[in-house]
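No value in this document is a laboratory result; all are computed from the given coordinates. Since the model is a prediction, treat every value here as computed from it, not as a measurement. Note that we place each Cβ from the backbone using ideal geometry, even for glycine, and neighbour counts take in every protein chain shown.
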Ligand code: ARG
Ligand code: ZN
């Protein structure tokens, strides 16, 4: 059941219209579907027409109103095949589904009081029989009838064209979506919902009705999402000239959702975690997440919905481009440097490991078993970086023009990444021949920088090498844009930034006219998703850290300086040698930074934040979680000891003065304050627990409250328990806030954290059917508590394997995502790898969903 990109065949039949009728009853829902079907003139397939469908009961099937006899069709577990259909006909299907017991959160299902749908990638085939592939596009009409008391609000894509009362306390509504769409963009919602409403007038004067629905009582957590939507609508008009194309834009926030959100045409369904944001319940990071996900789904209306994907191998066509647009939007909301740094961090800490592990795959995969396993950081974020490179090569204006050309040329079509590349070339004049390899080759290229200086001339040599990835042992050269700048000994610009294009295995550039050797600032703004290998001296790094005009490189210089010490110290600890201490130059560089901090407080905080455990792990072939933890803690303590007084005054200077506001200055101030506390906590500075506790008590917002909790997290102090208990009491009725409580405890470094997580799994505040709870507790533990997860006795791995097995029977998508944490065992030292491998083998021996099986097989290197 593995599918290959090369096997694409056009659909045998086309569907022009889809008429759906949902009759919602307490114990089941009946779906009646009527399709206007005709043979696809481009197809040569004959005899049987396959419609996908699973987990449903077929009631009847008719062609042109004549019910089919049993020998006229074939019914399988996952499909309905019609024998010898006519050239053109009306197909009527009646089937019954059970949303109440659908815990997969795919298709039509219940989340709390709300019935809702999730169809991407293949959820529509859990609703009714249909060719569940994005290149079959049709005009949809949806009629919904349900009990009027239980489900006062009925919603589907498009405009409501009719509604009214029915006998027996029931009512109905009919929706028409004027745009052709693939079935993955279909959505239906029924429930007793609260709503906030606003409106937006487009540049050409269309008035758009904006509605955001959620379970009653949550309306006051939705204002930031609504404001973000309007910001996104304005941004897409100002930047791309793209105006919204329907009279209403409806969003529904549900508590049980497998991912962040879904861009269904005119009717987005969101995870509440990506909508709710109120000062006292959400952190600055949550506010930014809501803003960016709301924008992302809105941007899909063009890049995804108006122009969609031909098949799921092309997923990055819409996701890479939309993430890129979301990134640019976020950058335009202020603090561009720090926003870019976060994007870079995501690539290095999450995407690079995926690209270097058993699940490495190209941005455009060649094959898959379960498509839902390919909504990956590679398809999304690396896909966005590929677009970012094109945009830089073209220049921003030419790139925007090219995107508009692509959207015009393919409006209403389901197309490929190749179609996109051609449109880019046509409009920009760029030659993307070799560049296309970014879509086809997996793995993170390593770009080595070497310099020599002689007689006033700097020779700069770049070379590239991409390690083998599963199924791709021989790599060819990428086309890599590397922006560089040169600085003199005082850190003043010695040459304007310029983009070098590395297209061969090795190339050398020379720069003349220097009296002393200039310092190279390379890969400015992260011009390409590569690993830079450049051994710069401590002095050069300190210079860049103090003076580089590119915030990414400035931050990166600090990271490189920290990493030098950390890597050496981890290696020493591995060999039980004496720990390696940080050089004086590192402390001098920090002192310089503190004396002359950047304007942007968040940049200061980023520069003072040590590389994460994930980032340190990336420096090694074999990751030793415990040595990394020890080295990172030691360096943090060394810095905290040296600058304790400075951190005290940083905390004083950055304490809250005014009421909470989500903006760049205030968020930056809070970050610096939290960072200062964190350093002070690392050395158990006098009074730190009391200080954190009083921050908790006085805070008017969740950002400060979480900063206090994180400071206290690993402390053995009565204040810690008092504050945690208080938190649980105050926020008991706010599941998303309780997720923070669960996550914090899962991340707490203690010897019995495995047992602690087991206890929380049985706590009534935990709910095994809700993905947000699972991600908080199990994700928080496995990703955020590496020492606990990799505990030497294997109990952490075993715990996660137990829960994957239990979850797989309910929600395979989520179970597979968790299994992904165990897969890269080969990246770890033997003592940790063994437990991961054993857990994978135990999973493999059990009966598994296709989703989880695919991940486990990849981990055990048994896929092929
Ligand atoms: N298209 C959605 C988004 O990016 C995500 C859908 C994820 N679907 C999945 N099966 N994982 O915004
Ligand atoms: Zn998306």
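Computed extension length for residue 571-residue 515: 16.3 nm, one decimal, from 0.36 nm per residue of separation with the Cα-Cα distance subtracted.
Taking label points 7 Å from Cα along the Cα-to-Cβ direction, residue 27 and residue 549 give a separation of 7.4 nm.
Across the chain, the relative contact order, built from alpha-carbon pairs under 8 Å that are at least six residues apart, equals 8 percent.
A Förster distance of 60 Å, applied to the separation of the beta-carbon atoms of residue 476 and residue 642, puts the FRET efficiency at 0.80.
Note on the chain: helix-only mean residue ellipticity at 222 nm, from DSSP H runs of 4+ residues weighted -39500 (n - 2.57) and normalised by residue number, equals -12000 deg cm²/dmol. Measuring r between the beta carbons of residue 397 and residue 844 and using R0 = 41 Å, the FRET efficiency lands at 0.20. Where does helix 795-808 land angle-wise versus the long Cα axis of the chain, in degrees 0 to 90, nearest 10? That helix lies at roughly 20 degrees to the long axis. Based on the alpha-carbon gyration tensor of segment 653-773 and its eigenvalue square roots a ≥ b ≥ c, which shape applies: rounded if a/c is under 1.5, prolate if not and a/b is larger than b/c, or oblate? Oblate, because a/c is 1.5 or more while a/b does not exceed b/c. Taking 0.36 nm per residue of separation and subtracting the current Cα-Cα distance, fully stretching the chain between residue 90 and residue 862 would add 273.4 nm. The protection proxy used here, the mean number of other Cβ atoms lying within 10 Å of each residue, ranks peptides 122-128, 432-438, 215-221, 450-456 as follows, highest first: 122-128, 432-438, 215-221, 450-456. Taking the longest Cα principal axis of the chain as reference, the axis of helix 223-240 is set at about 90 degrees. Full extension of the segment from residue 46 to residue 8, taken as 0.36 nm per residue of separation minus the current Cα-Cα distance, would add 12.1 nm.
Between residue 289 and residue 159, the modelled labels are 3.8 nm apart [label points 7 Å from Cα along Cα→Cβ]. Between the alpha-carbon centres of segment 296-333 and segment 795-821 there is a gap of 30 Å.
Temperature 20 °C, viscosity 1.002 mPa s: under these conditions the Stokes-Einstein estimate for segment 492-635, based on its Kirkwood radius over C-alpha pairs, is 128 µm² per second. Pairs of alpha carbons in the chain separated by more than 43 Å make up 32% of all such pairs.
The Cα center of segment 51-124 and the Cα center of segment 824-857 differ in position by 35 Å. Take every pair of alpha-carbon atoms less than 8 Å apart whose residues are at least six positions apart; their mean separation over the length of segment 1-158 yields a relative contact order of 29 percent.
The order of the peptides 785-792, 554-561, 84-91, 695-702 by mean Cβ neighbours within 10 Å, most packed first, is 554-561, 785-792, 695-702, 84-91.
Taking a ≥ b ≥ c as the square roots of the Cα gyration tensor eigenvalues, with a/c under 1.5 meaning rounded and otherwise prolate when a/b beats b/c, else oblate, which class fits segment 291-426? Oblate is the answer for segment 291-426, as a/c is 1.5 or above yet b/c matches or exceeds a/b. Looking at the square roots a ≥ b ≥ c of the eigenvalues of the Cα gyration tensor of segment 547-606, which shape do they give, rounded for a/c under 1.5, prolate if a/b is larger than b/c, or oblate? Note, shape of segment 547-606 comes out prolate. Per the Debye formula on identical point scatterers at the alpha carbon atoms of segment 269-327, with no solvent, log10 I(q)/I(0) at q = 0.19, 0.23, 0.25 Å⁻¹ is -0.70, -0.87, -0.95.
Once the Cα atoms are used to define both axes, helix 383-394 deviates from the longest principal axis of the chain by about 70 degrees. For the pair residue 1 and residue 223, label points projected 7 Å from Cα toward Cβ lie 4.9 nm apart. Taking a point 7 Å out from the Cα of residue 409 in the direction of its Cβ, the residues of segment 429-459 whose backbone N falls within less than 12 Å of it are 429-430, 432. Sorting 182-192, 603-613 by their mean Cβ neighbour count within 10 Å, with the most densely packed peptide first, gives 182-192, 603-613. Using a cutoff of 8 angstrom between alpha carbon atoms and counting only pairs six or more residues apart, the relative contact order for segment 391-542 works out to 23 percent.
When only alpha carbons are used to place a centre, segment 364-406 and segment 662-726 end up 39 Å from one another.
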